[in-house]
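Below is one structure; the comments refer to it alone.
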Amino acid sequence: MLTGAKEIPPFGLLINAILFALGAGWCYAVFKRWRSDLEELREVKDIVRKVVILGIWAVTVVIAILVVNFAGGVIGKIASGIGGLI
């Protein structure tokens, strides 16, 4: 056994950070379309197109909740670490 050897960190945090970045990017891209999607929902008569738009927004809401949850967890850990230093 090596003394002073550090444990290799798991990839879970890295994967979570990548998913966070992808989720935040997805939400940003979809939220930019808010007005055009709303206008399209009002004007288009095709029900399939409306269902697709609403489905994309439902997925976006779930992704946004997960992104906020992850960010809140990270901010909570940072705050508790800073609180322990004070």
Mean Kyte hydropathy of 1.6 or more with a Cα span along the axis of at least 24 Å, helices from DSSP in the chain: 47-85
With at most 12 neighbouring Cβ atoms within 10 Å, loop trypsin sites (Lys or Arg not before Pro) (DSSP) excluded, longest segment of the chain: 46-86
Neighbour-count ranking [beta-carbon atoms within 10 angstrom, fewest first] of Trp34, Trp57: Trp34, Trp57
Estimated 222 nm signal from helices in the chain, with DSSP H stretches of n ≥ 4 weighted -39500 (n - 2.57), rounded to 500: -28500 deg cm²/dmol
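Taken together, the values in this text are just the output of simple stated rules run on the coordinates, not laboratory data. Values in this document were obtained by computation on a predicted structure and should not be read as measured data. Cβ coordinates were reconstructed from backbone atoms using ideal geometry, including for glycine residues, and neighbour counts include every protein chain displayed.
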